[in-house]
Structures are given as C-alpha cells and as structure tokens.
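Notes for the one structure printed next.
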Amino acid sequence: MYIYDEYDQRLVDERVAQFRDQTQRYLAGKLAEDEYRVLRLMNGLYIQIHAPMLRVAVPYGLLSSKQMRMFASIAEKYDKGYAHFTTRQNIQFNWPSLESVPDILADLATVQMHAIQTSGNCIRNTTSDHLAGISADEIEDPRPYCEIIRQWSTLHPEFGYLPRKFKIAVSGAENDRAATQLHDIGLYIVKDKNSGETGFEVLVGGGLGRTPIIGKSIRPFLAKKDLLSYLEAILRVYNRYGRRDHLYKSRIKILVKALGVDVFRDKVEEEWQQIKDSGLVLEQSEIDRIKAFFTQPNYDAVAATETSFASAQQSNPKFARWVKQNTIEHKVAGYKAVVISLKHPDEPPGDITTAQMNAVADLADEYSLGQIRSMHTQNILFADVKQGDLYSLWEKLDEQGLAVANIGTFADIICCPGLDFCNLANACSIPLVKALNERFNNLDYLYDLGELRLNISGCMNACAHQDVGHIGILGVDKKGSEWYQITLGGSSSKNATLGSRLGPAIAKDKVVDAIDTIIQVYVNQRQEGEPFLDTYRRIGITPFKGQVYENN
C-alpha cells in the first residue's frame, strides 16, 4: 500500500495545526458559525442530530492493521466504542465532541490518515474495487491510478469550491464492483483492440440522490499519459458551467443532461486540447513509481486443495456454509479473499466495535499480510488468506461476532444511519433493518432465496444507494410521519440499472409485510435456480405491484 513521503506527512500535519487553530477561534467566539462551517466541512466534520460526525478518508478502501488499531483507539477514547463503515469505503465516528476533533485528526496523522475532502464541494475520496490486485477477471490493478488521482486532487487550488461534491471511481476488472457508472466520473481500465495498450474508458454524469442517473461514456479510450489532463478538463468544464444557484441542479449529472452528452463532450475536448501537452502529462516513470507501492506479495506456494480444508468443511456444516457465503476466489491458487460481515442481525449494518477493530487488526497481521479492505457493501475484507488457515480464522472471527455467513443474502442489508443520527433524513433506517431481520431470521430460507440486494436510505441523498438495490427502500416524510417508497430491479454491476418505483409510499408499520409479499411473489414466480433480479427482469413489476397493494 502507498506510504506517505515527507510532503504527504507535512501536508497532513500542517492541516491538523490549521484546523486546531480554527476550532479554538470558533469556540472562543472569534469565528462566526457560517465561517466555521466551511472550514469544518473541509475537514470531514458534520453536525448531526445528537453530536458532530467525523468522516475519515480510507483511500480506495485500503487499510493497514496499524490504522485499524488507531480507529479502535479513537472510538474508545473520543467516541462511544464503535465506528461505522460507509458505502464509499470510508469510516465515520458519530459521537466525538467538537473540542476533541483536532486531537482525533492529530492521532490520525500519526498513522498517515486524515479527513481532508471527505465533505464539502470538492473532489471526494476516490473509490475502487475491493478485489483490486487479486481478482482473476482483472485487466490491471486500478489502485495505482486511484493513488495518482488522490495526489492530484488533494487541495487542488482550482477545485476546492466546485458547484457541488464530486466523486470518482476506478475499476480495472471485467466485472464492476465499484459502481463506476454511478459516479461523477467513472474510469474503466480497458485494452485497445488494435495496439493492445491499456488505458481508460471515461464516463461522466453518473450519480444517485434526488435525480439518479447512470453515467455516459464520453471517451472509449484515453491513454494513461492523458489521465490527469483529461480529468482536469472535465472538472474545468463543470466548474465553469455547473449551476451554483440551485442545490438540486448543481451536480455534473444535471449539467450533462441539460447540455446533452455530445455538447458536454465537445466542451471537454476543446478544453483538453489546450492543456493536454502541459505539465499534466502523466509520465510512465511516475506511473511506475506509484505502482511500486502495489506490487504483488510473495505468496507462499500452497496446494490448491488441502485435505484438512476439505475435511473441516465435511465435519462442520456451519464452517462450510461460511466458506461458501463469505469467501471469494483468489487469482493465486491456495488463497481466498474473506469477507468479514458487519451485518450481525443485532447490530446496525456497517458498525464495528472497538474490540472488534482490535481483533480484526490482530487477525489481519496473522492471516492477511497486515492489510484490511473496506467494501461498498459496508463490510470489510481480508484479501490474502491461505486456504489452510480459513478454519482457524473462522473460529476467531466467530468469537467476535464477525463470522455471520450472510454475505450476498437478503440479510446483507446496506443501510444509512437514517433519522437516528442524520439531520438530513426523513425516516429511520436502522429500526427497519432490525424489523426485517426479525421477520427473516431463518438463514436456511435466506440461502434458498439466493443473491438478493436490499438497500435502505432514510432520505433522497441515497447514502445507501437504494436506487440500485435489487429491492430499494427510501424513507420519505408525509406530514411528519415516516413512509417508505419501494423500488425493484436496481443493480450497480457492469450493466447498471436503476430500480423502478413499485407505487405509492407505504406506511412504516406496513413495510416489512410489503417486503415479505415481494419475496413471496419471487418465490412463487422464479424458475429453478433463478436469482431475484433475473426473475424481476423476466416478469416485470406488475405481479409484485398487484400483490403488495392488494395486501395493503
């Protein structure tokens, strides 16, 4: 993973000192609320319903065990003993005092972490594939390019006050596990059919929220040397023409839609022609320098199949099910990637306690080369586990409540904090997850249902990406009461689709029954082995709609 040099560390240290001074002046009454608000947002600090919330950047989802231990220390010392992983691979602390935030940032700086540009109208944390570097379907590891973008975008003097927040995702595999089409800029690593050279397909104008839109391709192949200049051209066009007079029309997706993708592309190309041969040319020597931080580990030579591993599965069905649900094939024979579920039915999705964070750090050192990855699904992952170590790892995860075998099932719910924490929310999300888990508490039944993505957001900001859930639930306010809109058929994979609205919003006390009805329609209508999404695409929304509203 990337290691800070003296310039990175100095930047982060100086930002901590700067924000400490700003916070002290605000608390002393020397900075007005409006003045301080802009400054705190630059440092990832929100004010929520009950307390401040600090969002910490996890660049492209990659963590060291040392960094995880620091998260545990912060949760214990400054928070309420837990933290929350988000759908954008970051981590949040929900209960720090305002006075303590500069100290938290100073602690983070000692392990090469920060909260810079995790909020505000700027370029946010660049996200990527949680299987980067280890998946068999990968064309090229996207993480070096994520790091190059991070360095280019951090405190970029021209893009600190964009019309609205701006998100970039990079995918290097045939399968899109980074929801690349749903970002302001999406980058796919592709191979040119003629030259065999790898470069980027560039998409723009994707995003969820109030107006969900799937991004459009504006350049099918961009040479690597032109990556930064082309990104700069896109951002300049957006900065110039993006609306600042209307909050809900300020995202680049609205600009692309208003201009039309062809006009937008022409403006980008015109801008790019003026700057592409400037100092923004990405030299191969710089690519190689960054790539050196992401070299493949020296994997041990282990047998692709081991008698002990097979025997353990045969003798322990619970372990066998965990292997089936929570492990992923690795490109190196004899290794697996392990998904650590943060979806225990008794806990809010994405939450992790101090004890669990310390345990994960210790287990990462023991079993996965000291590294941890955060996922878009609010789970975490060990990328490099020897197959022969899986049983031992499973036992130790189980002791911490981290071995729930529910990955990819209905119980692997993606959920925002909702009205329990967020002052933007219209409705609760966490209590609804609890109610659904209580209704659907038979894991054997959930395994029979197969892959089923359920996403729940408490407001239109769509932090839980409900529009691309196989089943999406959106909280809305009706005269002070909590109601929920349901969508079906969404997907964030390579051929992303937006869910279709089932019908009118449903009252809070009827939502679980409505979801139960949707599941029953699927069970009754599916063909043998057919996943929910395929059944929906085959039969359409009408059968679901008829049953739900007949019963409500």
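The numbers here are math on the coordinates, done by the rules we state, and not lab data. Computed from a prediction, not measured in an experiment: that's the story for all the values here. Neighbour counts are summed over all protein chains in view; Cβ atoms, including those assigned to glycine, are modelled from backbone coordinates with ideal geometry.
Miscellaneous remarks
- Debye-sum result for the range 414-551 in log10 I(q)/I(0), which assumes one identical scatterer on each alpha carbon, at q = 0.14, 0.19, 0.20 Å⁻¹: -0.60, -1.12, -1.24
- Lysines with Cα under 16 Å of LYS434, excluding same-chain neighbours fewer than 8 positions away: LYS343, LYS508, LYS510
- Put the Cα centre of the range 65-117 next to the Cα centre of the range 1-52 and the gap is 13 Å.
- At most 13 other Cβ within 10 Å, DSSP loop - trypsin sites (Lys or Arg not before Pro), the range 457-552: LYS479
- Given R0 = 35 Å, the distance between the Cβ atoms of GLN314 and ASP346 translates into a calculated FRET efficiency of 0.70.
- Here the range 413-482 and the range 522-551 have alpha carbon centers that stand 20 Å from each other.
- Local charge for TYR82 was computed over the other residues whose Cβ lies under 10 Å away, with Lys and Arg +1 and Asp and Glu -1, and equals -3.
- Calculated [θ] (222 nm, deg cm²/dmol) that DSSP helices of n ≥ 4 give over the chain, each run adding -39,500 (n - 2.57): -11500 deg cm²/dmol
- Extent along principal axes [Cα atoms of the chain; Å; largest to smallest]: 61, 61, 60
- In sequence order, calculated HN-Hα J values of the range 7-15 (Karplus, 6.51, -1.76, 1.60; Hz; x Gly/Pro): 6, 4, 5, 5, 4, 5, 4, 5, 5
- When the alpha carbon gyration tensor of the range 134-291 is reduced to an equivalent ellipsoid, its three semi-axes come out at 25, 18, 15 angstrom, largest first.
- Among TYR161, TYR145, TYR60, TYR299, a tally of other beta-carbon atoms within 10 Å of each Cβ gives an order, fewest to most, of TYR161, TYR299, TYR145, TYR60.
- Measuring between alpha carbons in the structure, the pairs from LYS30/LYS77; LYS165/LYS225; LYS225/LYS291; LYS66/LYS331; LYS216/LYS249 lying more than 20 angstrom apart are LYS30/LYS77; LYS165/LYS225; LYS66/LYS331.
- For a straight C-alpha distance cut-off of 17 angstrom, the aspartates and glutamates reachable from LYS324 (same-chain residues fewer than eight places away being disregarded) are GLU306, ASP384, ASP389, GLU395, ASP398, ASP412, ASP444, ASP448, GLU451.
- Our analysis of the range 73-137 gives Rg over Rh at 1.04, with the two radii drawn from alpha carbon positions and Rh computed by the Kirkwood formula.
- Cα-only radius of gyration and Dmax that characterise the range 264-379, units Å: 21.7, 66
- Once the C-beta distance of ASP266 and LYS225 is scaled by a Förster radius of 25 Å, the resulting FRET efficiency is 0.65 to the nearest 0.05.
- Compactness index (Cα Rg / 2.2 N^0.38 Å), the range 21-106: 1.12
- Calculated P(r) of the range 1-160 - Cα pairs past 23 Å, %: 37 percent
- Value of relative contact order over the range 307-399, rounded to a whole percent, pairs C-alpha under 8 Å and six or more apart: 30 percent
- Isolated Cys residues of the chain, judged by Cβ distance under 4.7 Å to other cysteines: CYS122, CYS146, CYS415, CYS422, CYS428, CYS459
- Taking every alpha-carbon pair under 8 Å whose residues sit at least 6 apart, the chain reaches a relative contact order of 12 percent.
- Whole-Hz ³J(HN,Hα) from phi, Karplus 6.51 cos²θ - 1.76 cosθ + 1.60, for the range 292-300, glycine and proline x: 4, 7, 10, 6, 5, x, 7, 5, 5
- Dipole check for the range 417-552: with +1 at the C-beta of Lys and Arg, -1 at the C-beta of Asp and Glu, and the Cα centre as origin, the magnitude is about 420 Debye.
- Karplus 3J(HN,Hα) series, Hz, for the range 449-461 with 6.51 cos²θ - 1.76 cosθ + 1.60 (x for Gly, Pro): 5, x, 5, 8, 9, 10, 10, 10, 10, x, 6, 5, 5
- One Cα centroid belongs to the range 262-322, the other to the range 160-238; the line between them spans 16 Å.
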